[in-house]
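Colleague: Questions regarding the structure given below will be posed in turn.
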Amino acid sequence: MGRIPENYIEKVYAGLLGKIIGVRHGAPVEGWSYERLEKVYGEIDGYLVDYREFAADDDTNGPMFFIRALEDYTYTSDITAEQIGLTLLQP
C-alpha cells in the first residue's frame with residue numbers, strides 16, 4: 001500500500017466542497033431532463049435558488065455519518081447497518 005500524498009486533506013476537502021456545490025445547485029431540478037431544463041430556464045448561468053437558509057441534506061451529511069460510524073466501531077468491512085444506525089442516533 002502506498003503512502004498518503006501530502007495534499008490528501010486538500011483533495012478530500014475539494015471533493016466534498018464540489019459535492020456540496022453540486023447538490024445545492026441541482027436540488028431544485030433533481031430528476032429533470034435536459035429538455036425540461038432548457039424549456040424552463042434556458043441557459044443557466046447561476047444558482048436557481050438564492051438560499052438564505054441551509055438545511056441538512058443526506059447527500060452531503062450522509063458521508064460524514066458513515067465516516068463517524070467507521071471511527072466508532074471498526075475500520076473494516078464488518079460494520080453493520082445497526083452500528084451505522086446507532087451512530088446516526090448520537091448527538
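Colleague: Among the residues in the range 53-74, are any out of contact with any strand residue (DSSP E or B) (no Cβ under 7 Å at 6 or more places or on another chain), under 19 Å from H25 (Cα atoms), of a type in the set (A, V, I, L, M) and in a loop (DSSP other than H, G, I, E, B)?
Modeller: yes
Colleague: Name the residue, out of D59, D50, D45, that is among the acidic types (D, E) and surrounded by 13 or more Cβ atoms within 10 Å (Cβ to Cβ). Quick ask: steps written out before the conclusion?
Modeller: Values: D50 fails: surrounded by 13 or more Cβ atoms within 10 Å (Cβ to Cβ); D45 fails: surrounded by 13 or more Cβ atoms within 10 Å (Cβ to Cβ).
So the residue among D59, D50, D45 that is among the acidic types (D, E) and surrounded by 13 or more Cβ atoms within 10 Å (Cβ to Cβ) is D59.
Colleague: So, one more: Scan the range 27-43 for residues that are part of a loop (DSSP other than H, G, I, E, B) and either of a type in the set (G, A, S) or under 22 Å from the mean Cα position of the chain (by Cα) (or both) and jot them down. Show your work before the answer.
Modeller: Applying the first criterion (part of a loop (DSSP other than H, G, I, E, B)) to the range 27-43 yields 30-33, 42-43.
Once the filter is applied, which keeps residues that are part of a loop (DSSP other than H, G, I, E, B) and either of a type in the set (G, A, S) or under 22 Å from the mean Cα position of the chain (by Cα) (or both), the range 27-43 yields E30, G31, W32, S33, G42.
Colleague: Looking at (1) in contact (Cβ under 8 Å) with a residue 12 or more places away in the chain; (2) part of a loop (DSSP other than H, G, I, E, B); (3) closer than 23 Å to L88 by Cα, which is the only condition R24 fails?
Modeller: (2)
Computed from the coordinates by the stated procedures, all read-outs in this text should not be read as laboratory data. No experiment lies behind these values; they were computed from the predicted model shown. Heads up, the Cβs are rebuilt from the backbone with ideal geometry, glycines too, and the neighbour counts pull from every protein chain shown.
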